[in-house]
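Only one structure is covered here, and it is reproduced in the block below.
The values are calculated or read from the model by the stated rules, or taken from the named source; none is laboratory data. The structure displayed is predicted, hence computed values, not measured ones. No Cβ is skipped: glycine too gets one built from the backbone with ideal geometry, and neighbour counts run over all protein chains shown.
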């Protein structure tokens, strides 16, 4: 959130923009889902986790709205009480929530203001549950220095559930190699990254090639990749949305090396699509939950590509379009899924279990889980079979070990070449 010491006047609370509210909504909703999913299993008696807020800011804005640190603390408490009530009502064992929260910012003023906000927050809590144990740590440093210092501590504690929120101001403060390290070092690690796309549009080749190459180098990317961004394609000037799409595809191709599931989407603000919200995870369930959060914020997010299973479309001259997460776009996605899913099942050998189908689908699509299962279940070329070989009649009862198979006689879809 803060890159320079004097970025915001934190002593009076910082100003807040609409796109920041969108980022906070995504963070709040995903945190709620994150803990609800993790604590749903009655066999879990204690859940250990760590959350890193690498660019925390001061915690509260001039309007009184909470920043990411207070949102994190609020949602942890709410999730704990929800889980506790649910378990008590259902006669399930109580759960213990044990976590380390690390707040870091390069601004001393921001960290000083944050300490005051957290102290006020803690004093305002009427209940201090015994089974909710949260240790808060604060640091004032660049993120790269901070991460290098705490990485080994987290590994030595053997905490595998790591959620890292990186709401950077710009796009060069979090090099790609650090994201790769987080995702490879922690078994259940996840990263939420804010990434400024505007410089890629401002410094496209033939405008400021040297500046663009420096940005790539700072990110830990191959500077020669900058040549792939251009104002024209086949002699035709690209529109603003098409240039966003081209930049998205280039950076996405680099981000895919960081994790199994990567989803960059532009966050709307009144002057254009300047910021991305990027989620990294190696767990398909995490991607599924994040997809749901994206659809909940349909009026504020977009990406350039196609609908269906292959949403990352780099061919701007064919079916690329600005995809909005609204009802109209979702309906278009359902239509394409009708054709895409049989092709995908054929590519997978003509049959696959539901778990594998969903895991593969989430690699290249943000289609909602309900749309995937409804499109598969109602497809004339497909059939869902139970483990005992009987047709599955209702999608509400679909299990991960059910089989999705091609019918022997298919209606209309053309096999892939």
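Of the conditions (1) out of contact with any helix residue (DSSP H, G or I) (no Cβ under 8 Å at 6 or more places or on another chain); (2) without any contact (Cβ under 8 Å) to a residue 40 or more places away in the chain, residue 155 fails just one. Which one is it?
Condition not satisfied by residue 155: (1).
Looking only at residues in region 242-273 that are surrounded by fewer than 17 Cβ atoms within 10 Å (Cβ to Cβ) and modelled with pLDDT under 70, which one is nearest to residue 191 (Cα to Cα)?
269
Residue under question is residue 334, and the condition is that it be surrounded by fewer than 18 Cβ atoms within 10 Å (Cβ to Cβ) and part of a helix (DSSP H, G or I); does it hold?
Judged against the criteria, residue 334 is not a match.
Take the conditions in contact with a helix residue (DSSP H, G or I) (Cβ under 8 Å, 6 or more places away or on another chain) and closer than 25 Å to residue 120 by Cβ and apply them to residue 27. Does it pass?
yes
Only residues that are assigned to a loop (DSSP other than H, G, I, E, B), farther than 12 Å from residue 354 by Cα and out of contact with any helix residue (DSSP H, G or I) (no Cβ under 7 Å at 6 or more places or on another chain): list them for region 372-391, please.
Within region 372-391, 378, 380, 388, 389, 390 qualify.
Being surrounded by 17 or more Cβ atoms within 10 Å (Cβ to Cβ) and either more than 23 Å from the chain's Cα centre (by Cα) or more than 20 Å from residue 27 (Cβ to Cβ) (or both) is the filter here; which residues of region 137-149 pass it?
Within region 137-149, 138, 139, 140 qualify.
The rows are residues; the columns are (1) modelled with pLDDT of 95 or more; (2) in contact with a strand residue (DSSP E or B) (Cβ under 8 Å, 6 or more places away or on another chain); (3) closer than 24 Å to residue 287 by Cα; (4) in the same structural domain as residue 150 (by TED's automatic domain parsing).
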position: 23; (1), (2), (3), (4): no, yes, yes, yes
position: 43; (1), (2), (3), (4): no, no, yes, yes
position: 53; (1), (2), (3), (4): yes, yes, yes, yes
position: 59; (1), (2), (3), (4): no, yes, no, yes
position: 62; (1), (2), (3), (4): no, yes, no, yes
position: 86; (1), (2), (3), (4): no, no, no, yes
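Output the number of residues of region 94-116 satisfying the condition of being over 24 Å from residue 41 (Cβ atoms) and either within 26 Å of the chain's Cα centre (by Cα) or buried (at least 21 other Cβ atoms within 10 Å of the Cβ) (or both).
10
Which condition does residue 323 not pass, out of (1) part of a helix (DSSP H, G or I); (2) at pLDDT below 85; (3) in contact with a helix residue (DSSP H, G or I) (Cβ under 7 Å, 6 or more places away or on another chain), if it passes all the others?
So residue 323 meets the others, but not (1).
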